């Protein structure tokens, strides 16, 4: 039972480069989201999606794009990486019904130099 | 504006002792209050959750106490064990706004043998 799978686990980027963080879930969850985790800051919501074709911004969306073409996948794109985007990124999914358990991936540790 | 305030930032407890982590929220529309546990290098995982219609929920050694009038809730870990050493996040969500989880900044718990 894979759950939520994130790739890659580690990535180093140069300032200005672009890349896509992949997230896939096999639980047929309609709701998916991306968080970033920084020391002393907790987890902050970047973008979320309540179903295929529907996305919306969270608390810290600047510099990131998302799309949701299938129920299973929710990639996060960094358009032009900046050192401020150095962080650990987590993807999460849950059933569409609110207030149910959210399942997190194991994270992607991104360093922008 | 931080909507969920968590304290303390770090906590050291002796094996067998009680660990207590506190959270306070501002938005009275929140109607779901989960606690997540995160081990190093892993994604957060749901530990226990409560809804505001009850004042306490217990699962094994873990108990959530909820005070609706004070807008506070806390996690109590009884008979703390070294295996409980992890970072704990409280969170809150509002079912009326897509159910996005708003996290506290986290508490790093260390249980000494």
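The values are calculated or read from the model by the stated rules, or taken from the named source; none is laboratory data. Keep in mind that this is a model prediction, so the values were computed, not measured. Virtual Cβ from ideal backbone geometry, glycine too; neighbours counted across all protein chains shown.
Return the total of residues in segment A:1-18 being surrounded by 15 or more Cβ atoms within 10 Å (Cβ to Cβ) and over 27 Å from residue A:101 (Cβ atoms).
Going through segment A:1-18 one residue at a time, the tally reaches 2.
Here is a yes/no grid of residues against (1) surrounded by 16 or more Cβ atoms within 10 Å (Cβ to Cβ); (2) part of a strand (DSSP E or B):
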| site | (1), (2) |
| --- | --- |
| B:12 | no, yes |
| B:17 | no, no |
| B:24 | yes, yes |
| B:28 | no, no |
| B:37 | yes, yes |
| B:43 | yes, no |
| B:48 | yes, yes |
| B:54 | no, no |
| B:64 | yes, yes |
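Taking into account only those residues within segment A:20-65 that are touching a strand residue (DSSP E or B) at 6+ places or on another chain (Cβ under 7 Å) and not in a strand (DSSP E or B), which is surrounded by the most Cβ atoms within 10 Å (Cβ to Cβ)?
It comes out as A:29.
So how many residues does segment A:89-113 have that are over 20 Å from residue A:65 (Cα atoms) and either free of Cβ contacts under 8 Å to residues at least 12 places away in the same chain or under 12 Å from the mean Cα position of the chain (by Cα) (or both)?
Selection size over segment A:89-113: 6.
With the condition kept exactly as written, say whether any residue in segment B:88-96 is assigned to a loop (DSSP other than H, G, I, E, B), within 14 Å of chain A (Cβ to nearest Cβ) and buried (at least 19 other Cβ atoms within 10 Å of the Cβ). Walk me through how you get there before you give the answer.
Our first condition is that a residue be assigned to a loop (DSSP other than H, G, I, E, B); within segment B:88-96, this holds for B:94.
With the extra rule that they be within 14 Å of chain A (Cβ to nearest Cβ), the set shrinks to B:94.
Pick out the ones that are also buried (at least 19 other Cβ atoms within 10 Å of the Cβ) and you get B:94.
The answer is yes; a qualifying residue exists.
Given (1) within 13 Å of chain A (Cβ to nearest Cβ); (2) at pLDDT 95 or above; (3) surrounded by 15 or more Cβ atoms within 10 Å (Cβ to Cβ), where does residue B:3 come up short, assuming only one miss?
Of everything listed in (1) within 13 Å of chain A (Cβ to nearest Cβ); (2) at pLDDT 95 or above; (3) surrounded by 15 or more Cβ atoms within 10 Å (Cβ to Cβ), residue B:3 misses just condition (2).
Could you please find all residues in segment A:72-98 being crowded, with 17+ Cβ neighbours inside 10 Å, part of a loop (DSSP other than H, G, I, E, B) and modelled with pLDDT under 95?
A:98
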